[in-house]
Ligand code: TYD
């Protein structure tokens, strides 16, 4: 029996990946495509505990390696508890952020050597996604959207990462572009600065043609 495919959604803060993932999931369900949705950090119960620590914007300062290991702890849990079982039972998995986020945020933006991140990923048997969509928007527009979203949810206007300076977000964005150049077959970019529905049409086409191909 063919296994499912792992499809990951990446991008800077406020790039729209979570909204597009949600709409795509509804569309796939309506068209009878078996899949599950997970997210990192926080796709499992233990992951939610780790997420609360990671994203606590008033929490204690932390060494970049401590942060890296917490994201990996969350990923190992999600992989073994949610992602692998779903793929093995023939479901596709849509994952809101995954290992490329670690490479872009902890690697490119925080400055952790990519060799260390790659070695740990290999030792921990982190699966490589089959398809990765990177959502792109201008950084100030993305940060404004994130601020607006947080306000609507009654949260602090800036989360831990949204508080970082523009240079940090630039490094994340450039990190994604650099990583994508190394594996052009796996990556697709979707610009979300315009109409939502237009970008969603593009997302559906990319995923449909990938699953059919
Ligand atoms: P989240 O609220 O999910 O942000 P968004 O809705 O923008 O995706 O918070 C996840 C944050 O964690 C986000 O700022 C990116 C960061 N992150 C990393 O730094 N490394 C990682 O490996 C992952 C998965 C996320």
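The values are calculated or read from the model by the stated rules, or taken from the named source; none is laboratory data. Being a predicted model, the structure only gives us computed values, none of them experimental. Every residue, glycine as well, gets a Cβ built from its backbone with ideal geometry; the counts of neighbours run over all protein chains shown.
Tabulated values for the structure
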{"item": "Among the candidates 107, 111, residue that is in a helix (DSSP H, G or I), touching a residue at least 40 places away in the same chain (Cβ under 8 Å) and more than 8 Å from the ligand (Cβ to nearest atom)", "result": "107"}
{"item": "Meets criteria (within 20 Å of residue 92 (Cα to Cα) and modelled with pLDDT of 95 or more) for residue 211", "result": "yes"}
{"item": "Test result for residue 83, in contact (Cβ under 8 Å) with a residue 40 or more places away in the chain, farther than 21 Å from residue 16 by Cα and assigned to a helix (DSSP H, G or I)", "result": "yes"}
{"item": "Filter result (within 23 Å of residue 98 (Cβ to Cβ) and assigned to a helix (DSSP H, G or I)) within region 125-159", "result": "139, 142, 143, 145, 146, 149, 150"}
{"item": "Residues of region 22-78 that turn out to be over 21 Å from residue 211 (Cα atoms), under 19 Å from the mean Cα position of the chain (by Cα), more than 11 Å from the ligand (Cβ to nearest atom) and not in a helix (DSSP H, G or I), as a count", "result": "2"}
{"item": "Residue within region 2-16 that is out of contact with any strand residue (DSSP E or B) (no Cβ under 7 Å at 6 or more places or on another chain) and surrounded by fewer than 16 Cβ atoms within 10 Å (Cβ to Cβ) present", "result": "yes"}
